[in-house]
């Protein structure tokens, strides 16, 4: 008798739970899909790069690759945003900014330490804050950074080596966007 009563209670509880979960769907049409609010992506064209730990604040201008001469546009006093890469954003991709190894551009970039911050201001007044993760030296023909797919990161590049024949890539992870 006790076992029979327990089975009856379990059956009542299960049928009540089933009716509680089934009832709401009866209130909506069969093609009803709840609205899921996704945060809007924040993005913008970079116009300023600040590296506070290095006391560096640079204007950022558009940079272009000339496929015929296989060269990038460069200036002696500004950083350049590679327009073939994603703009700074909070969704995905690798924003690539490069500059000369010159005193007033990226000559001191090699002094950055893990955990230091980079801030990018965009033309539409968004601020993107990144934390320095690592750097690596590569040759000028290494184009792997252009195939990156993943969370938003920032890569800064300058020349390195005895004759500036190599490239040093500095990778930063996004920590905030507003």
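Derivation of every value follows stated rules applied to the coordinates shown; laboratory data play no part. All of these numbers come straight from a predicted model, not from anything done at the bench. Using ideal geometry, Cβ is built from the backbone for each residue, glycine included, and neighbour counts are taken over all protein chains shown.
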| message | Once you keep just the Cα pairs under 8 angstrom separated by 6 or more residues, what percentage relative contact order results for segment 46-177? | response | 25
| note | Taking 0.36 nm per residue of separation between residue 136 and residue 163 and subtracting their Cα-Cα distance, the length gained on full extension comes to 8.0 nm
| request: Would you please classify the overall shape of segment 46-177 from the alpha carbon gyration tensor, given that a ≥ b ≥ c denote the square roots of the eigenvalues, rounded means a/c under 1.5, and beyond that prolate means a/b larger than b/c while oblate covers the rest? | output: rounded
| task | Mind ranking 131-138, 66-73 by how tightly packed they are, going by the mean number of other C-beta atoms within 10 angstrom, highest first? | result | 131-138, 66-73
